[in-house]
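Bear in mind these aren't lab numbers, they're just calculated from the coordinates by the rules spelled out. The model shown is predicted, which means the values in this text are computed figures rather than measured ones. A quick note on method: Cβ atoms are made from the backbone with ideal geometry, for glycine too, and the neighbour counts reach across all protein chains shown.
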């Protein structure tokens, strides 16, 4: 069932109210008391049983100090309500009237630049601020968050517990500009977590204080550094204050052949692609990626992501690291190891559920790292024996990078189509070569769930090839065992299909 724009606007108001309330640790009753309302009223508004009023919205904004978020949601709702009542067009509010008195800061322009350096990333945030409130502003809250493995939260959490981000390594610097003058801002830590920092930038330094008074404007700039061991391939901007214009730039080495894309989320929409494209232009040996938007909604998040398709990694003697050395460097067992020729042990499920989940988590973590090393346009899979684990588990990521990996536990092929074709395959365990391998165009695979139940899944074409390759690993086979006699392996330097999908 669909809802009207007015209903959706009322829902957005209620969601924002609940988010701000819970973020400040208040119960509905406590908030109602602070606002001077009946204890049940907040519950009715959040439950969509009462529609918001202007008085309610103003009081909630003031009590929760929501930086205009609650009031903006009310204005959106109120505009639609009046439009319906008048059955006509209303003139939009005059500039500046979209915020209630006492709202506080407005970001008129933000430019966020992330630069890839030899030893990590340098982030510079530049914001043009306007004090739309009634009180001087003496401090400004900023947040720094790192996530080494953004597609694997468990691994990231473990990594940052062992290697926490420190204020010392951030080398944080902040400045205020006003009338062409630039002076340092002191800062003070608010929250210190392993992978997250909250910092107050102070409108003062050792020489003087310079509050931002009501009706005044100033530009602030702050910069920090994060090493490559702490920063994954992503950069996110969150809209926490009313913002008129937001721009993001990624400055990456062109020699690494960066591929960049972006996604956005908001309170009213699930994650989706950016609504406008990211543009690229090269300047010397740098690739600059730019993206911008006007009037982003409060609490929207814009995430830029990238991968490097080329990584020149010189050896100490001036040579180049072989592809197989890269695989070996992330823990993948190479051809010649006895384990690759031994059948894997099946899990006893559900008794071994915890062990099985641990093995699958580790396999998925390596998939993320693999995507940083090579453009697996055909998809990619990895089996537990390739990580030195003699258990019957494998994961396969389809060519579509947005799709979830397929998990195979105790798999076996129960049927295969008679039709087959020959195409080139590679193997993480001897990645310096490619081989022409015949495979069925469709296979049916019986595999286990964590609770011990078994299901049969049918795979076709490229996925059938990928899945069959990994099941071979679990049975102690390599793809060279299936090649026709006398057909040579092709050195990766001579292989011309990297970056291209299989053809069907």
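Some observations on this one:
- Degrees, to the nearest 10: 153-162 long Cα axis against longest axis of the chain: 80 degrees
- Compared with the dominant Cα axis of the chain, that is its longest principal axis, helix 69-86 is turned about 80°.
- With both labels modelled 7 Å from their Cα along Cα-to-Cβ, the residue 477 to residue 198 distance reads 5.7 nm.
- In the chain, helices alone account for a calculated mean residue ellipticity at 222 nm of -7000 deg cm²/dmol, with every DSSP H run of four or more residues adding -39,500 (n - 2.57).
- For the chain, the share of DSSP beta bridges that are antiparallel, to the nearest 5, is 95%.
- Multiplying the residue separation of residue 279 and residue 453 by 0.36 nm and subtracting their alpha-carbon distance yields 57.8 nm.
- Diffusion of the chain by Stokes-Einstein, at 10 °C in a medium of 1.306 mPa s and with Rh set to the Kirkwood radius over alpha-carbon pairs, works out to 59 µm²/s.
- At the listed q of 0.10, 0.11, 0.18 Å⁻¹, the Debye profile of segment 175-298, built from one uniform point per Cα, gives log10 I(q)/I(0) equal to -0.47, -0.57, -1.30.
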